[in-house]
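Structure first, then comments.
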Amino acid sequence: MPTISEVERPGLAVRAFYRIGKAMFGQVPTPERLMAHRIPLMLGLGGLYTALEWFGRIDAPLRALLNVHVAALYGSAY
């Protein structure tokens, strides 16, 4: 199965998203590296996730626990 290569020279927006991902998770998450090939997709999903984090009705610790639980249910490391 062919792999998707990383963006060789990321632009300013991509570097900013990489920095945010690295601050949150300790490394740049794979979905961010994949979405870097399509900047509008990356910006749109980034806006969606930001809106959920800032304006969601579930408090942050419970949301983090839910993320871990769903990842465990599906056998995902993310």
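Ranking of Leu66, Leu45, Leu12 by neighbouring Cβ atoms within 10 Å, starting from the fewest: Leu12, Leu66, Leu45. Among the GluC sites (Glu not before Pro) within the chain, those in coil by DSSP and having at most 15 neighbouring Cβ atoms inside 10 Å are Glu6, Glu8. Here the sum of -39500 (n - 2.57) over DSSP H runs of 4 or more residues, divided by the residues of the chain, equals -20500 deg cm²/dmol at 222 nm, to the nearest 500. Charged neighbours of Ala36, selected by a Cβ distance under 15 Å, balance to +3 (K, R count +1; D, E count -1). Using θ = phi - 60° in the Karplus curve 6.51 cos²θ - 1.76 cosθ + 1.60, the 3J(HN,Hα) couplings for segment 14-30 round to 5, 4, 5, 5, 4, 5, 5, x, 5, 5, 7, 10, x, 7, 6, x, 4 Hz; x is entered for Gly and Pro. Normalised size of segment 12-73, defined as Cα radius of gyration per 2.2 N^0.38 Å with N residues, equals 1.19. Residue exposure proxy: His37, His69, ordered by other Cβ atoms within 10 angstrom of their Cβ from fewest to most, comes out as His69, His37. Scalar couplings 3J(HN,Hα) for segment 45-50, obtained by applying the Karplus form with A = 6.51, B = -1.76, C = 1.60 to θ = phi - 60°, are 5, x, x, 5, 5, 5 Hz; x denotes Gly and Pro.
No value in this document is a laboratory result; all are computed from the given coordinates. In this text, all values refer to a predicted model and were calculated from it rather than measured experimentally. In this analysis, Cβ positions are derived from the backbone assuming ideal geometry, glycine residues included, and neighbour counts consider all displayed protein chains.
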